[in-house]
Each structure stands twice: as C-alpha cells, then as structure tokens.
1. Looking at Lys69, Lys106, Lys95, which one is closer than 27 Å to Glu50 by Cβ, basic (Lys, Arg) and either at pLDDT 95 or above or surrounded by fewer than 16 Cβ atoms within 10 Å (Cβ to Cβ) (or both)?
2. Need the failing condition index for Met60 against (1) closer than 19 Å to Ile20 by Cα; (2) surrounded by fewer than 15 Cβ atoms within 10 Å (Cβ to Cβ); (3) hydrophobic (A, V, I, L, M, F, W, C); (4) at pLDDT below 95, just the number.
3. Search segment 67-83 for residues that are on the phi < 0 side of the Ramachandran plot and among the hydrophobic types (A, V, I, L, M, F, W, C) and pair each with any residue that is surrounded by 18 or more Cβ atoms within 10 Å (Cβ to Cβ) and outside any helix (DSSP H, G or I) when their beta-carbon atoms are under 6 Å apart and the residues are at least 6 apart or on different chains.
4. Give the residue that is surrounded by the most Cβ atoms within 10 Å (Cβ to Cβ), with candidates limited to residues of segment 1-50 that are without any contact (Cβ under 8 Å) to a residue 12 or more places away in the chain and among the acidic types (Asp, Glu).
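The values are calculated or read from the model by the stated rules, or taken from the named source; none is laboratory data. None of the values given here were measured: they were computed from a predicted structure. Counting neighbours? That spans all protein chains shown, and the Cβs are built from the backbone with ideal geometry, glycine included.
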Amino acid sequence: MNINISSIHFNADEKLEKLIEDKIKKLTLFSDSIISADVFLRLESSQTLENKVTEIKLEMQGNALFAKKQSNSFEKSTDSTIEALRRQINKQRTKNDRKKNKNNAKNIL
C-alpha cells in the first residue's frame, strides 16, 4: 500500500508521520483491497484551539473512501478520521456481502 502524507501550512515531524502510517496500515485488517492512502494535515487559520484538520482519501479496488475530522491535536483528528474510515469500510463490506448472498440465492433457485 502506498501512503502519501502532505502537511499544509506547517512541517509535520517524523513521529506524527509514523503514527499516521501505522494507523492506516491497521485498516488493512478490515479490507485487503486498499491500494493507497492520501493524507492531508492542515492547520486552519481560526481563532479556536480546534484548528488541526486531518483528511484521508483511501483508494480501494473499485471505490474510494474519504473522511475529514478536526480537533485540537493532529493525533486526535487522525484517530477520529481513521475510525470514520473503519466504519465506512465495514459498511461497504456488509453491503457487498449482502449483494453476494442475494446473487447466490438467485443462482440456487
């Protein structure tokens, strides 16, 4: 899997990038059809403390998933984004399983 991390308006340290890579690699436990991940870390120019934004786009076989979360730290926003993607992967897998079961039932009849 290819993982591209881009930080906008700041320079991300290696520790943060390693943390993000590890968390994205764990998503392969839920789906082996992940081809690549594009991660965008951005500092929003707002007056609030919750100005750290993580956006992740997962390229999958036949599909693309996207999630964006904002928090007061990149670690928290990354965790929230990964969790949102995990839910999307599970939802997609359930939907695909239902289609397969429905098609198998038609073939049996």
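1. Working: Lys106 fails: closer than 27 Å to Glu50 by Cβ; Lys95 fails: closer than 27 Å to Glu50 by Cβ.
Only one candidate passes the filter, namely Lys69.
2. If we test Met60 against (1) closer than 19 Å to Ile20 by Cα; (2) surrounded by fewer than 15 Cβ atoms within 10 Å (Cβ to Cβ); (3) hydrophobic (A, V, I, L, M, F, W, C); (4) at pLDDT below 95, just (2) comes out false.
3. Note: pairs meeting the criteria are Ala67/Ile56; Phe74/Leu41; Phe74/Lys52.
4. Asp13
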